[in-house]
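Peer 1: Pasting a structure below so you can have a look.
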Amino acid sequence: MTFKELNNFFKKEISLLYSDNEIQSIYNIIIEEKLNLNKAQVYIKNNEKVPKIGYFINVLDKLKKGIPIQYIIGKVYFLNTILKTNQNVLIPRPETEELVNWVLSSEKKNKKIKVLDIGTGSGCISIAFKKNRSEWDVHAYEKSTNAIKIAIFNSKINKTLINFKKFDILNDKSDNVFDIIVSNPPYVPENQKKNTSKIILDFEPNEAIFVPNNKSLIFYNAIVNFSKKSLRKGGKLYFEFYSENLIKIKHILQKNKFHNIEVKRDLNEKNRFISAIKK
Ligand SMILES: C[S@@+](CC[C@H](N)C(=O)[O-])C[C@H]1O[C@@H](n2cnc3c(N)ncnc32)[C@H](O)[C@@H]1O
């Protein structure tokens, strides 16, 4: 089978699960992963025979079962880091890269500040912070023991020193005080499961994504409350959030005397990120 034929085979076999663009990006990822060839290099080889074809057929079988490509190859690229992923952690999303970039571009370099990432999952946010701001003292809290294991592994392979802590933001207390707190907490209301792809529902940890419909702000309330003691005066809070909740989240921040509220849209033009300063 040639590269061109393999590409078409992918398009035919998984067209019910993925859009054309998604299939193309999956195809590029696995070709790069197995054969170390980038998009341009593959294009030139379009009529050549694909080596190690068994691997690609095997990947295709797994994709047809709905297993996400990031779990099949066991890793994901996030900014300038490579992270191990499995079914215990949410696959880091491009939106969250935007959140990290926003924080990095908003905070001055060479300041020795103490930063906390709440609900670290794979560790993507804290590892990207430490990799790009080695002077920061980065802490990461997470409730799931299995997720922390992956996050610790990821911090090691990226050679970043991070203080991980098993911590339940809805129940635990901390004595630490931070300059910046960042969180991408679970925020999708459960009634949105009907609009969520089966791949996400079947393979990603649902408790990392969904919140009960009547408690969709539970993590924002808890983190703002936690910030009363654990964020210094003048410190900054950054959230990723469900766009429909913008007004309510703004209200929580204002009610708790946060000011300089800034809202940022994601690449799809949805309100997705918010920051505020503690008075
Ligand atoms: C949306 S995921 C974000 C993961 C990662 N930070 C990212 O951006 O890809 C939310 C994370 O919060 C964690 N989490 C859920 N409930 C929590 C709680 N009560 N306390 C701390 N972390 C919690 C989940 O296990 C999950 O890893």
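FYI, it's all coordinate maths here, none of it is from the lab. None of the values given here were measured: they were computed from a predicted structure. So basically every Cβ, Gly included, is an ideal-geometry build from the backbone, and we count neighbours across all protein chains shown.
Peer 1: What is the gain in length, in nm to one decimal, between VAL177 and ASN221 on full extension, counting 0.36 nm per residue of separation less the C-alpha to C-alpha distance?
Peer 2: Extra length available between VAL177 and ASN221 comes to 14.0 nm.
Peer 1: Below 15 angstrom from the Cβ of PRO68, what's the summed charge of the other residues (Lys, Arg +1; Asp, Glu -1)?
Peer 2: +2
Peer 1: Over 18 Å between Cα atoms, which of LYS39/LYS64; LYS4/LYS45; LYS114/LYS228; LYS114/LYS165; LYS11/LYS39; LYS109/LYS165 qualify?
Peer 2: Beyond 18 Å between Cα atoms: LYS39/LYS64; LYS109/LYS165.
Peer 1: Go ahead and collect, in residue order, the members of the range 165-191 whose backbone nitrogen is under 16 Å from a label point 7 Å along the Cα-Cβ direction of LYS111.
Peer 2: Within reach of a label on LYS111, which here means backbone N under 16 Å from a point 7 Å along Cα→Cβ, the range 165-191 contributes 178-182.
Peer 1: May I ask which of LYS166/LYS229; LYS52/LYS159; LYS34/LYS84; LYS65/LYS215; LYS159/LYS279 have a Cα-Cα span longer than 26 Å here?
Peer 2: LYS52/LYS159; LYS65/LYS215; LYS159/LYS279
Peer 1: So for TYR71, TYR220, fewest C-beta neighbours within 10 Å to most, what's the order?
Peer 2: TYR71, TYR220
Peer 1: Two decimals, Cα atoms only, Kirkwood Rh: what is Rg/Rh over the range 87-278?
Peer 2: 0.93
Peer 1: Next up: Tell me, in nm to one decimal, what length is gained between TYR77 and ASN146 on full extension, where the rule is 0.36 nm per residue of separation less the Cα-Cα distance?
Peer 2: That pair, TYR77 and ASN146, stretches by 22.8 nm at full extension.
Peer 1: Mind jotting down the distance between the C-alpha centroids of the range 76-106 and the range 13-74, whole Å?
Peer 2: 22 Å
Peer 1: In the neighborhood of LYS159, defined by Cβ-to-Cβ distances under 10 Å, what is the net charge if each Lys or Arg adds +1 and each Asp or Glu adds -1?
Peer 2: +3
Peer 1: Now for a different question. Tell me the relative contact order for the chain as a rounded percent, counting alpha carbon contacts under 8 Å between residues six or more apart.
Peer 2: 14 percent
Peer 1: So for the pair SER25, ARG265, with labels modelled 7 Å out along Cα→Cβ, what separation do we get in nm?
Peer 2: Each label point is offset 7 Å from its Cα along the Cβ direction, giving 1.9 nm.
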